[in-house]
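**Student:** One structure coming up, written as structure tokens, with questions to follow.
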Amino acid sequence: MLPQLPQLRRDQFDNLEKHTQSGIEFVERYTKFVKERSEIEFNYAKQIRNLSKKYQPKKNSKEEEENKYTSCQAFLSTLNELNDYAGQHEVIAENLTSQIITELLRYLTELKAERKSHFHDGRKAQQHIECSWKQLEASKRRFERDCKEADRAQQYFERMDADINVTKADVEKRSSHKARQQAQMRHQMAADSKSEYSNFLTKFNQEQNEHYYTLIPNIFQKLQEMEERRIERVGVSMKTYAEVDREVLPIVGKCLDGMTKAAESIEPKTDSKQVVESYKSGFEPPGDVEFEDYGAGQSMKRTVSETSLSNSRGEAKERPSGGKSKGKLWPFIKNKNKLSLKLGSGPEDFSHLPPEQRRKKLQAKIDDLNKDIQKEMDQKDALTKMKGVYEKNPQMGDPASVDPRLVEIAMNIEKLQYEVQKFEGWLAEVEGRLPSKSDPPRRQSGLYETQNSNSSTVANNCAQDRESSPDGSYTEEQSSETQDKVAIANTPEFDDEFDDGDEETLPTIGTCKAIYQFEGHNEGTISVTEGELLYVIEEDKGDGWTRVRRNEEEEGYVPTSYVEVSLETTAKGAMTYI
């Protein structure tokens, strides 16, 4: 019985196949881990950016106005640093994807192909040695069969030659000579089978020796090298995984340092001073209250406290109808127009603000207008130079083509200068009324009456003086262009309008049609398009502006020269006061 082909090497080959497969699965698992970490970093960075964007101050909002305070500036810097911090997490995610995930996926493809090639060579060598083994076994079985047949033929010849009972017919039929030939042929076949078996055995031993000492060891060596490269690649990826985080640490540290620096830049005293500057009213402090003695049969006068924290409208109702006066804008007194002021619907001259705040607003407006004038002047100078170049070199352009733009700029400069004069007039009025620190405090007991100041004309009567009370406190203003308007202002109906504290909707006195487009960028103006129909609620007072209304909520001033006004018959001769 021939021995079977040794199974030891083949079993180890199968074990290596399982091990290398588990190694590939490990690389795939690690790649999936890094991919999930990258997704976490991306999502975290996105959430951080959204958080930073959510708490950024909105444009034209109260939050944007509060950015002048150091605490708000520090918070804004923290949000900006947080946005940069989120960017570093995006960098981590991108580097993990490009330096690890992409590389490992490509390496996995190469690793699977290499592993498949090595095991294909191993299976091919295994099949070849098994085929040689089968050929050897076949030649061995054939040699064994031929040897048995030769032995049987030899025994038969010897038996026939020695048997004396054989009949004549058997002798003729089976002669010893024929048996001898048969025996010799079987022996020759056995000798040939033996030679074939010997050749196959020699060949198999050589192939087996080459298989187990050359082919399989080489395949195992390649698999070992492949496995070592796989382990090394995983180690490099793990190191890169740590380095990706380490690379962003300096920038993350700078972001955190920026947050710390922003926190250290907060100055409480500076913020409190800015609050004082922002809300300083410029009102004159009240003087002492005079003593009134009680007399028999006489009632003591009720003096309204000018420093009361509550509105005095309740007491004003008890006053005689002929002694009404306009409420002062004292600090802490609630103003029912507060909502409209917050929405920026105050008068153009900021007369709804306390003196100091009004002065700041007017000064800021003048500065903005001067900047606009400077821009227009720069454009004018540039166009003038261009026109000069065209005049010297006609081939470069027509000098006349610049003239329309120069005329337009000149008109813009004239309008802006007009606006500057108007606001400077209001500013001069406010600065003349602000009390100096050396003035003694004054108080007027009892019911005070308002006095109208003489009108002053600035830039074609565009600036109107406002009335002030005898004690220097700030009151709401009225136009004093004509004595007729003063008489109207002193009527009980006019006083009731101011006592109510709320702006009433002005009646419509006519209609108008816009003949030009006007972009109302300034406070108190309204934008109109060419051909648009609007309602007139206040005619031109000589300052070049007409007050119009689009609907119940949109109203403002437009240049009178930009519209065609059609007043109603009943309103043409009437005086309208705003």
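Every number in this text was worked out from the coordinates using simple rules, so none of it is lab data. Fair warning: this is a prediction, and the values are worked out from it, not measured in the lab. All Cβ positions, even for glycine, are placed from backbone atoms using ideal geometry, and neighbour counts span all protein chains on display.
**Student:** When you count, for each residue, the other Cβ atoms within 10 Å and take the mean per peptide, how do 351-362, 142-153, 384-395 rank with the highest first?
**Tutor:** 351-362, 142-153, 384-395
**Student:** Using r as the Cβ-Cβ distance of ARG152 and GLU130, and R0 as 30 Å, what FRET efficiency do you calculate, to the nearest 0.05?
**Tutor:** 0.35
**Student:** If you filter region 32-95 for trypsin sites (Lys or Arg not before Pro), then keep DSSP loop positions with at most 15 other Cβ within 10 Å, what is left?
**Tutor:** Answer by residue number: LYS58, LYS59.
**Student:** Distance from the Cα centre of region 248-262 to that of region 545-563, in angstrom?
**Tutor:** Taking the Cα centre of region 545-563 as reference, the centre of region 248-262 is 53 Å away.
**Student:** Under the rule a/c < 1.5 gives rounded, and otherwise a/b versus b/c splits prolate from oblate, where does region 182-259 land using the Cα gyration tensor?
**Tutor:** Because a/c hits 1.5 or more and a/b exceeds b/c, region 182-259 counts as prolate.
**Student:** Please sort by residue number the GluC sites (Glu not before Pro) in region 43-130 whose DSSP state is loop and whose Cβ has at most 15 other Cβ atoms within 10 Å.
**Tutor:** Answer by residue number: there is no such site.
**Student:** Step through the residues of region 226-234 one at a time and calculate ³J(HN,Hα) from phi using the Karplus curve (6.51 cos²θ - 1.76 cosθ + 1.60, θ = phi - 60°), rounding each to whole Hz and writing x for Gly and Pro.
**Tutor:** So the Karplus estimates, Gly and Pro as x, are 4, 5, 5, 5, 4, 5, 5, 5, 4 Hz.
**Student:** Still on this structure: For region 208-244 and region 11-69, what is the separation of their C-alpha centers, rounded to whole Å?
**Tutor:** Each part's Cα centre sits 31 Å from the other's.
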